[in-house]
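**Q** Quick one: this structure, given as structure tokens, is what I'll be asking you about.
The values are calculated or read from the model by the stated rules, or taken from the named source; none is laboratory data. Remember, predicted model here, so these are calculated numbers, not experimental data. All Cβ positions, even for glycine, are placed from backbone atoms using ideal geometry, and neighbour counts span all protein chains on display. Areas reflect the complete protein model, heavy atoms only, side chains present, ligands, DNA and RNA absent. Shrake-Rupley method; radii C 1.70, N 1.55, O 1.52, S 1.80 Å.
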Amino acid sequence: MKFTAGGEHRNAIALKGNALHVGFQIRAAREKQKLTQEELAQRIRKKRSFVSRMENDGENMTLRTLYEIVERGLGGKLKIEMQI
């Protein structure tokens with residue numbers, strides 16, 4: 001299958017949207033637990049600015065970082081699903 005420049009652009013936009021969705025979910029979970037960004041940052045041994053970046057632009061977030069935020073920081077369970 002050959003991708004066109006327009007297709008690559010659409011894929012990049014979709015990936016960015018998915019990253020923002022993850023960031024919004026992190027923020028919503030943090031706020032639901034009445035945690036500040038600083039408190040979450042302390043739990044995962046990061047700076048508050050790091051938590052802010054992940055909430056606002058999770059595009060470069062690694063799976064390890066996501067795991068730390070969800071499981072150690074928020075006390076949740078991370079479940080990743082692939083659909084092919």
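**Q** For a quick check of your reading of the model, give me the residue pairs whose first member lies in segment 57-84 and is under 14 Å from Q42 (Cα atoms), whose second is in a loop (DSSP other than H, G, I, E, B), with beta-carbon atoms closer than 8 Å and at least 6 apart or on different chains.
**A** Listed pairs, sorted by first residue: V70/G76; V70/K77; V70/L78; E71/K77; E71/L78; L74/Q33; L74/L35; G75/Q33.
**Q** Hey, Q42 hits all of (1) modelled with pLDDT of 95 or more; (2) under 15 Å from the mean Cα position of the chain (by Cα) but one; which does it fall short on?
**A** Every listed condition holds for Q42 apart from (2).
**Q** Okay, next question. Among the residues that make up segment 45-56, is at least one of them among the aromatic types (F, W, Y), free of Cβ contacts under 8 Å to residues at least 24 places away in the same chain and open to solvent by 70 Å² or more (accessible area, probe 1.4 Å)?
**A** There is no residue in segment 45-56 that is among the aromatic types (F, W, Y), free of Cβ contacts under 8 Å to residues at least 24 places away in the same chain and open to solvent by 70 Å² or more (accessible area, probe 1.4 Å).
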